[in-house]
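Colleague: Mind having a look at this structure? Questions to follow.
The values are calculated or read from the model by the stated rules, or taken from the named source; none is laboratory data. Just so it is clear, the model here is predicted, and its values are computed rather than measured. Methodologically, a virtual Cβ is constructed for each residue, glycine included, from the backbone with ideal geometry; neighbour enumeration extends over all protein chains shown.
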Ligand SMILES: [Zn+2]
């Protein structure tokens with residue numbers, strides 16, 4: 001039990017609440033609970049070895065940063081002063097962004113102002129004035145466009161002027177094994193999520209371009225976007241382990257399993273590389289170079305498959321779609337995470353993101369025939385009437401400064417799905433596991449296209 005608690009706290013602290021949060025592999029009863037299931041306390045050695053540390057300074061408690069996170073510039077929120085009503089702010093926090101924990105928040109609303117703890121003793125609070133009527137900021141204040149701000153279609157293709165970035169989840173190629181996204185049930189065959197997501201993005205890009213969209217791929221091959229590598233992140237990993245109360249961690253994980261593996265410098269360096277640094281680099285590329293109206297994060301889900309060298313099939317198969325939200329109090333103690341949440345909230349990204357996610361989820365469920373995945377863990381919450389749409393605080397959907405629809409169809413270690421995925425992308429039907437079946441990649445692509453077409457047909461100005 002102690003080991004489990006250590007693991008949860010370590011996971012939350014070392015990876016910014018986004019280890020389990022970023023891993024979209026569905027939990028099983030034996031797996032580690034998500035960080036938000038942990039006691040929402042700050043991670044200090046005193047949590048692990050009770051009674052060894054002094055009580056924390058209440059201001060510095062909110063000064064922590066997520067791994068590889070930067071100190072936020074709180075003055076940037078002033079751009080949103082007098083744009084939102086108190087009722088709008090409270091509703092967004094209650095219905096989307098928080099997990100509705102009853103623990104004290106790192107902010108308060110006083111009259112017509114929001115006061116957020118900054119963690120900076122020199123300026124402990126950021127004050128954002130609210131307004132008595134809703135005055136959404138103009139489109140010139142942000143890089144992305146709402147559907148209602150796009151030029152009328154007139155007689156052009158439906159997605160004309162829309163810039164969509166496709167983000168193929170993970171890296172794949174030679175990185176699939178350390179990413180723990182390599183799956184093989186026979187010596188001469190394997191699938192990797194990072195390879196499948198890239199093929200899916202390439203297929204989807206062609207379809208969306210044919211509908212008039214301008215499409216960018218956040219990753220175009222099986223190489224990392226980040227320039228960092230596990231070796232360059234070794235010091236950061238070691239520092240994280242020491243701050244978490246492990247002064248002398250083991251270096252390599254060869255021969256180790258379970259929690260012992262997790263507490264090595266090697267495992268932590270690799271995690272920082274492919275899960276944290278990589279997503280930061282993609283966030284930087286999306287926000288400073290691509291500047292799209294929408295990002296689609298393309299993933300394939302999995303149920304826990306046990307040991308990678310002898311994985312298990314799962315009878316489960318399902319789909320779900322994620323939007324940003326459901327921040328836990330422990331995550332919100334980190335200053336950068338807190339800033340990013342309020343920046344998204346005041347940017348009103350959710351107003352575009354959630355209806356878009358609903359439409360895409362509807363298309364995806366119909367095209368794949370999959371049932372919605374039902375979360376039973378506190379790190380996710382329903383975000384709309386669509387049973388497949390959930391809010392979660394993932395690094396990607398938090399950092400990308402525009403609406404993000406994060407897709408999680410198919411369980412890769414569902415036996416029939418695995419066999420369909422081995423066959424990759426093909427048109428029509430082929431004999432798989434004794435019956436004629438369509439390509440899972442093709443169904444995925446068709447579902448996303450159908451969902452986007454339905455959304456833009458419904459909401460875009462025709463003339
Ligand atoms: Zn994934």
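Colleague: Within segment 177-189, work out how many residues are touching a strand residue (DSSP E or B) at 6+ places or on another chain (Cβ under 6 Å) and either crowded, with 20+ Cβ neighbours inside 10 Å or free of Cβ contacts under 8 Å to residues at least 12 places away in the same chain (or both).
Modeller: Just the residues of segment 177-189 that are touching a strand residue (DSSP E or B) at 6+ places or on another chain (Cβ under 6 Å), to begin with: 181-184.
With either crowded, with 20+ Cβ neighbours inside 10 Å or free of Cβ contacts under 8 Å to residues at least 12 places away in the same chain (or both) added as a condition, the list becomes 181, 183.
Qualifying residue count, segment 177-189: 2.
Colleague: Turning to a different aspect of this structure: Go through 130, 162, 114 for me and flag whichever is more than 16 Å from the ligand (Cβ to nearest atom), over 30 Å from residue 60 (Cβ atoms) and over 20 Å from the mean Cα position of the chain (by Cα).
Modeller: When all the criteria are applied, what remains is 162.
Colleague: How many residues does segment 178-208 contain that are away from the ligand (no atom under 12 Å from the Cβ), farther than 14 Å from residue 224 by Cα and assigned to a loop (DSSP other than H, G, I, E, B)?
Modeller: 2
Colleague: Do we find that residue 174 is surrounded by fewer than 12 Cβ atoms within 10 Å (Cβ to Cβ), at pLDDT 95 or above and either more than 16 Å from the ligand (Cβ to nearest atom) or on the phi < 0 side of the Ramachandran plot (or both) in this structure?
Modeller: Values: surrounded by fewer than 12 Cβ atoms within 10 Å (Cβ to Cβ): yes; at pLDDT 95 or above: yes; either more than 16 Å from the ligand (Cβ to nearest atom) or on the phi < 0 side of the Ramachandran plot (or both): yes.
Here the answer is yes, as residue 174 does meet what is asked.
Colleague: For segment 283-302, give me each residue that is touching a residue at least 12 places away in the same chain (Cβ under 8 Å) and either out of contact with any strand residue (DSSP E or B) (no Cβ under 8 Å at 6 or more places or on another chain) or more than 19 Å from residue 408 (Cα to Cα) (or both).
Modeller: Within segment 283-302, 283, 285, 286, 287, 290, 291, 292, 293 meet the criteria.
Colleague: Would you point out which residue out of 408, 362, 415 is in contact with a helix residue (DSSP H, G or I) (Cβ under 7 Å, 6 or more places away or on another chain) and either within 19 Å of residue 300 (Cα to Cα) or modelled with pLDDT under 95 (or both)?
Modeller: Working: 408 fails: in contact with a helix residue (DSSP H, G or I) (Cβ under 7 Å, 6 or more places away or on another chain); 415 fails: in contact with a helix residue (DSSP H, G or I) (Cβ under 7 Å, 6 or more places away or on another chain).
One residue alone meets the criteria, 362.
Colleague: I need the full set of residues from segment 292-320 which are within 16 Å of residue 225 (Cβ to Cβ) and away from the ligand (no atom under 14 Å from the Cβ), in order please.
Modeller: Within segment 292-320, 292, 295 qualify.
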